[in-house]
Amino acid sequence: MNRRVLLYIFLIILPLILPSCENDMREVDRFIDKDEVGIEKATNVEILYSDSAIVRVRIRGSLMHSYMDKKNPRREFPNGIIVDFFDNKNRPTSKLTSKYAIRMERDNTILVKDSVVVQSLTNSERLETEELTWDEKKEEIFSDRLVTIKNAEEEIQGYNFRSNQDFTDWSMEATTGQMKVNDLEQEEENE
């Protein structure tokens, strides 16, 4: 008999309890910042890309925001990044730094902005620009903005810059600056 009484009491109280569990969306909105939904934040990030178990690229950043947007997933580095490129023997070949970066997950591209510098560690060339795109699939970097390339003997500026990701084979258009031509003169003399 006691069980039956408890069951009746429970059935009477249950309809009173259920409506109190309902969430008012205005109340929820007060506690959840809509901009924060679908964003993961990470600090002191290091991302490694490898090919056949050999590290080819290392990306580091002090802060990364991962946007879980189904149509446009992306990773943003609002405090900038440092990217190290390695050859197939794990030797560093070049380094890219910038004050801002965003990686578009679907395109496998990284757009870097603000004080962009690419330093070749194999031929001592240095690239400076305000915006540069790195296409991970094609393993190349490019920019339509003004690009300055410096080494010990030359300083060249131009547009429509294209290069392999190791920064060892590059080209650009509308160039100006001082270029070393001694090698061309010697080639003509040797012919």
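The values are calculated or read from the model by the stated rules, or taken from the named source; none is laboratory data. From a predicted model like this one, the values you see are computed outputs, not experimental measurements. Virtual Cβ from ideal backbone geometry, glycine too; neighbours counted across all protein chains shown.
A few points about this structure:
- Count of residues meeting criterion [within 21 Å of E40 (Cβ to Cβ) and touching a Lys or Arg at 6+ places or on another chain (Cβ under 7 Å)] in the range 84-103: 3
- The residues of the range 122-148 that are in contact with an Asp or Glu (Cβ under 9 Å, 6 or more places away or on another chain) and closer than 13 Å to D169 by Cα, listed by number, are T122, E125, E139, I141, F142.
- Residue count for the range 44-73, restricted to those that are exposed (fewer than 14 other Cβ atoms within 10 Å of the Cβ), modelled with pLDDT of 85 or more and of a type in the set (A, V, I, L, M, F, W, C): 2
- Within the range 41-52, residues that are in a strand (DSSP E or B) reach partners that are surrounded by fewer than 11 Cβ atoms within 10 Å (Cβ to Cβ) with beta carbons closer than 9 Å, at six or more positions or on different chains, in the pairs D51/N88.
- Test: residue in the range 150-159 that is within 16 Å of L111 (Cβ to Cβ) and surrounded by 15 or more Cβ atoms within 10 Å (Cβ to Cβ): no
- Search result, residues across the range 70-123 that are among the β-branched types (V, I, T) and closer than 26 Å to A152 by Cβ: I82, V83, T93, T97, V112, V116, V117, V118, T122
- Boolean, D84 is of a type in the set (D, E), on the phi < 0 side of the Ramachandran plot, loosely packed, with under 14 Cβ neighbours inside 10 Å and free of Cβ contacts under 8 Å to residues at least 60 places away in the same chain: no
- Which numbered condition R103 fails, given (1) closer than 22 Å to Q178 by Cβ; (2) within 15 Å of the chain's Cα centre (by Cα); (3) not β-branched (V, I, T): (1)
- The range 125-150: number of residues that are part of a strand (DSSP E or B) and of a type outside the set (S, T, Y): 14
- Complete set of residues in the range 129-162 that are under 24 Å from D87 (Cα atoms), without any contact (Cβ under 8 Å) to a residue 40 or more places away in the chain and touching a Phe, Trp or Tyr at 6+ places or on another chain (Cβ under 7 Å): T133, F142, S143, F161, R162
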